[in-house]
Amino acid sequence: MKKLISIFALITTLGIGFSAHTFAEDAAPAVDAAAVVAPEAAPAVEAAPATEAETAPVVAAAPAPVPNKGDTAWMLICVVLVTLMAIPGLGLFYGGLVRQKNMLSVLMQTFMIFSLMGVLWAIYGYSVAFTGGNPFFGGLGKAFLAGITPDSVAATFSKGVVIPELVFVAFQLTFAAITPALIIGAFAERMKFSAILAFMVLWFTFAYLPMAHMVWYWDGPDAVTDAASLETVLANAGWLWAKGALDFAGGTVVHINAGVAGLVGAYMVGKRIGYGKESMAPHSLTLTMVGAALLWVGWFGFNAGSNLEANGYAALALVNTMIATGAATLSWAFAEWLFKGKPSMLGAASGAVAGLVAITPACGFVGPMGAIIIGLLVSPICYFFVAKVKYALGYDDALDVFGVHAIGGIFGALATGVFVNPALGGMGVYDYVANTVGEYNFAAQMTAQAYAVGTAIVVSATVSFIAFKIVDVLIGLRVSEESEREGLDTTEHGERAYHN
């Protein structure tokens with residue numbers, strides 16, 4: 001436990017900084033539809049006094065914006081792509097990495113978590129994450145999706161542009177469903193299925209939803225008309241959004257959040273029987289490669305879809321995702337080649353995921369050359385944690401959730417603050433009052449990024465520790481030694497992935 005605390009103390013220092021307010025374009029604008037469905041109507045001109053002059057004409061109110069079919073179609077496709085990431089992408093990626101006797105258990109865990117989180121999202125998750133309440137979590141005004149109809153709209157990043165709110169609900173559902181599933185790789189092959197589901201409900205409710213609200217909730221661009229209205233928007237927004245933290249598609253909300261939970265789980269569930277003494281090699285790198293490829297394809301919906309519109313910024317996010325991932329694949333393979341003498345398929349797949357993770361918070365904010373640099377740098381850092389730090393500190397993160405997702409997410413979040421700089425090819429931070437890109441401030445932006453990183457670490461670590469303790473008391477975390485040796489496929493599910 002001392003090692004676990006020391007890791008958090010080391011990583012959390014990345015999130016310490018002085019308060020700075022930088023108005024920033026965010027990754028998934030949440031919406032209180034009543035606040036953002038339309039630009040503010042132009043005021044009517046008062047009637048002239050009763051004289052011989054004619055009464056002054058009244059200016060008509062601007063029509064409410066209508067969703068564009070192209071944007072709507074693009075976002076529906078992105079929902080499908082992100083679902084592809086989780087089932088089957090993540091399931092096959094993780095499944096190929098475990099031993100044969102546990103393959104089906106990983107597929108079942110991924111499938112069930114995605115399904116469970118989707119239902120919880122509709123019941124209360126969307127409302128808690130994406131309605132107003134306070135800076136840390138929303139309310140229950142849209143619980144059970146109350147009041148959301150096919151005619152309801154949600155804000156994008158452009159004034160006067162909206163998408164159907166049901167599309168936004170579905171898109172954010174896929175994020176909420178895949179994020180908890182990422183965690184299972186850390187304690188694969190030894191945790192009870194019932195305990196996993198119970199933990200996920202607690203973690204989703206008290207870690208994922210508050211982080212999503214803090215990073216992504218605001219009233220939308222139409223609510224900003226002048227400096228005074230901006231102050232109102234900042235007061236209503238999520239805590240980290242108001243500080244100016246940039247996270248286009250989930251570096252903090254998804255990857256740091258899940259990766260830190262994985263590390264806590266690895267410590268609290270304990271090491272696999274025979275860890276460090278018996279061979280625990282992946283049983284099918286073929287399936288892992290297929291899973292990694294599906295993750296890469298689905299990630300275009302994850303990142304480019306977070307723009308919420310089918311325009312040039314969606315194209316930028318897609319291109320950055322492609323080339324950052326390619327660069328990270330290359331740098332991991334060459335790092336292995338240098339230090340181990342041979343590049344491996346496992347290393348290439350791990351590098352691809354590390355690149356996808358690191359570019360996630362940055363994809364809509366940085367230029368293509370910045371994306372390549374992020375990809376080239378993230379893999380050696382993650383490789384070091386996976387190959388050296390994990391063994392030095394003695395935790396059994398079975399599928400390297402912390403080493404890839406948390407470390408890659410931390411690097412990506414901080415790198416976003418650097419490469420958003422227009423002088424380095426970045427897009428800058430948009431000022432909705434001036435309706436143009438604002439002046440870049442390195443110190444303020446990096447402070448905001450550090451706040452986001454530190455908050456994600458603290459929230460996830462605290463919630464995870466408490467949730468694991470609760471589940472351990474009520475259910476117990478680990479399967480029996482006999483069940484673990486036989487494999488979770490048969491002992492937990494009564495089936496086998498293979499019959500040979």
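The values are calculated or read from the model by the stated rules, or taken from the named source; none is laboratory data. Computed from a predicted model, the values in this text were never measured in an experiment. Note: ideal-geometry Cβ built from the backbone for every residue, glycine included; neighbour counts use all protein chains shown.
For this structure, a couple of remarks:
- Selection within the stretch 177-203 - polar (S, T, N, Q) and more than 17 Å from the chain's Cα centre (by Cα): 194
- Cβ-Cβ distances below 7 Å connect the following pairs, each with a first residue in the stretch 142-161 that is charged (D, E, K, R), a second residue that is surrounded by 15 or more Cβ atoms within 10 Å (Cβ to Cβ), and a separation of six or more residues or different chains: 142/126; 142/127; 142/131; 142/148; 159/39; 159/221; 159/222.
- Taking the stretch 429-500 as the region of interest, the helices (runs of 4 or more DSSP H) fully inside it that hold 2 or more residues being aromatic (Phe, Trp, Tyr) and surrounded by 15 or more Cβ atoms within 10 Å (Cβ to Cβ) are 442-474.
- Candidates 350, 331, filtered to the one that is touching a Leu at 6+ places or on another chain (Cβ under 6 Å) and either within 17 Å of residue 292 (Cα to Cα) or assigned to a helix (DSSP H, G or I) (or both): 331
- Remark: pairs (first residue in the stretch 278-292, free of Cβ contacts under 8 Å to residues at least 12 places away in the same chain and in a helix (DSSP H, G or I); second residue acidic (Asp, Glu) and surrounded by 19 or more Cβ atoms within 10 Å (Cβ to Cβ); Cβ separation under 8 Å; 6+ apart in sequence or on different chains) are absent.
- The number of residues in the stretch 319-349 that are within 18 Å of residue 416 (Cα to Cα) and free of Cβ contacts under 8 Å to residues at least 24 places away in the same chain comes to 1.
- Unique match (being farther than 30 Å from residue 285 by Cα, within 19 Å of the chain's Cα centre (by Cα) and surrounded by 18 or more Cβ atoms within 10 Å (Cβ to Cβ)) among 114, 130: 130
- Cβ-Cβ under 6 Å pairs, at least 6 apart or on other chains, the stretch 472-500 side under 13 Å from residue 194 (Cβ atoms), far side in a loop (DSSP other than H, G, I, E, B): 478/190; 479/192
- Test for residue 251: is it crowded, with 19+ Cβ neighbours inside 10 Å, closer than 30 Å to residue 463 by Cα, within 14 Å of the chain's Cα centre (by Cα) and modelled with pLDDT of 95 or more: yes
- Cβ pairs under 8 Å, 6+ apart, first in the stretch 394-420 and closer than 16 Å to residue 346 by Cβ, second aromatic (Phe, Trp, Tyr) and crowded, with 24+ Cβ neighbours inside 10 Å: 398/187; 399/94
- Top-ranked residue in the stretch 201-228 [being small (Gly, Ala, Ser) and in contact (Cβ under 8 Å) with a residue 40 or more places away in the chain; ranked as surrounded by the fewest Cβ atoms within 10 Å (Cβ to Cβ)]: 227
- Evaluating residue 310 against the criteria (1) surrounded by fewer than 24 Cβ atoms within 10 Å (Cβ to Cβ); (2) in a helix (DSSP H, G or I) leaves one unmet condition, (2).
- Scanning the stretch 276-301 for residues that are surrounded by fewer than 18 Cβ atoms within 10 Å (Cβ to Cβ) and among the small types (Gly, Ala, Ser) returns 276, 279, 281, 293.
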